[in-house]
Amino acid sequence: MIDPTARVAEGVRMGEGVEIGPYCIIGPRVEIGNEVRLIAHVHVTGVTRLGDGTIVYPYASLGTPPQSVHYRGGATRLVIGPRCELREGVTMNIGTEDGGGLTSVGEGCLFMVGSHVGHDCQVGNAVTFANNVVLGGHVSVGDHTVFGGHAAVHQFARIGEGAMVAGLSGISGNLIPFGYARGPIARLAGLNLVGLRRRGATRADLQRLNRAFRALFFEEGVFADRLDAVARQFSGDLLVEKIITFVRAGGKRPLVTPHARRDGGEPGENAG
C-alpha cells in the first residue's frame, strides 16, 4: 500500500504487506522488509535496510550521510533490525569508510521522539531510547540497555549490556554491563537491579553481583589487581564475568566509575 503522494524511487526492494504513508520519500538503494509501516513524511535514503515489522513515524530521517568530515561519499550502510519502533523525528546516519562502513540497530528497539544514532554505531537488541537521546559516532550499546530522556553519549564510548543511563546524563566513557549511571558528566551510581530482576535474575544472582561490584570499585588497592581478584573469586558467575570481560576489552574511552570515596581516593583511578 503506497499513498499516491509518496515518492518511491525505482530500485527500491520491498517485502510483503508494506505500508508507505503520505509524503514519504524513499531512495533507490533502500530495502524494506515485510510488514514495515512508514506512517507519513518519512525520509529513507542511502544503502538502508528496514527489518520486518518495523514502524516509523513522521519526520524520521534514516540513512542520511554521516555527520563526519572523514566521510568520503562511499556506499556505506544503515541496517535496522526487525520489530523496531522509531517515533517522530528520529535520525540515523549510515557509517563511514574508516569506521567499518555500517551503522546497525538490533531487533525490538524503541526510539522515542528526537533520538539520534550517529555513524558507525552498533546498537543491540531490545534497547530503549527515551526522548532526545543522542549517540555520537562509533558508540556501541549492548542488549537491553535503557536511556532516560536527553541523555547523550560521547563518540567511541561503549555501553554494556543491561545498563541504564538516567535522564539528562552525559556519558563520556565506557559504562559496565548492568551499571546505572547518572549526572551531567555521569558517574557510576550502582547497578541496574530493576532491569536485572525483570530479566529473571534471582536474589542470589543480585547479591553476588553486588558483592563483585563493591569489591571492584570500592576496595583498596590498584584497580587492575582488584579486577583480577574479582575474576578469580567469582569465576563461573556469568553476570560478573560479563563485567570482567567488558572492562578488559578496554577501548578509546575511560571507564565510567563511581564518585570519589570519602577518604578522597578515586575508586577507578587506575581503570583507564
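The values are calculated or read from the model by the stated rules, or taken from the named source; none is laboratory data. In this text, all values refer to a predicted model and were calculated from it rather than measured experimentally. Reconstructed Cβ throughout: ideal geometry from the backbone, glycine too, with neighbour counts over all protein chains shown.
Kindly provide the set of residues from region 109-124 that are assigned to a loop (DSSP other than H, G, I, E, B) and buried (at least 19 other Cβ atoms within 10 Å of the Cβ), ordered by number.
Correct list: 109, 112, 114, 115, 118, 119, 120, 121, 124.
Could you please find all residues in region 26-41 being of a type in the set (Val, Ile, Thr) and either modelled with pLDDT under 95 or closer than 18 Å to residue 79 by Cα (or both)?
Once the filter is applied, which keeps residues that are of a type in the set (Val, Ile, Thr) and either modelled with pLDDT under 95 or closer than 18 Å to residue 79 by Cα (or both), region 26-41 yields 26, 30, 32, 36.
Consider region 101-130. How many of its residues are touching a residue at least 40 places away in the same chain (Cβ under 8 Å) and out of contact with any helix residue (DSSP H, G or I) (no Cβ under 6 Å at 6 or more places or on another chain)?
4
Looking for something part of a loop (DSSP other than H, G, I, E, B), over 29 Å from residue 89 (Cα atoms) and not aromatic (Phe, Trp, Tyr) - is there at least one such residue anywhere in region 160-176?
Yes, region 160-176 has at least one match.
Give me the residue from region 131-172 that is β-branched (Val, Ile, Thr) and in contact (Cβ under 8 Å) with a residue 40 or more places away in the chain and, out of that set, farthest from residue 86 (Cα to Cα).
Ranking the qualifying residues of region 131-172, first place goes to 171.
Among the listed residues 45, 76, identify the single one that is touching a residue at least 24 places away in the same chain (Cβ under 8 Å) and more than 22 Å from residue 16 (Cβ to Cβ).
Residue meeting the stated conditions: 76.
Restricting to region 46-59, what's the tally of residues that are in a loop (DSSP other than H, G, I, E, B) and more than 18 Å from the chain's Cα centre (by Cα)?
6
Residues 69, 105, 56, 47: which one is more than 22 Å from residue 6 (Cα to Cα) and either surrounded by 18 or more Cβ atoms within 10 Å (Cβ to Cβ) or charged (D, E, K, R) (or both)?
105
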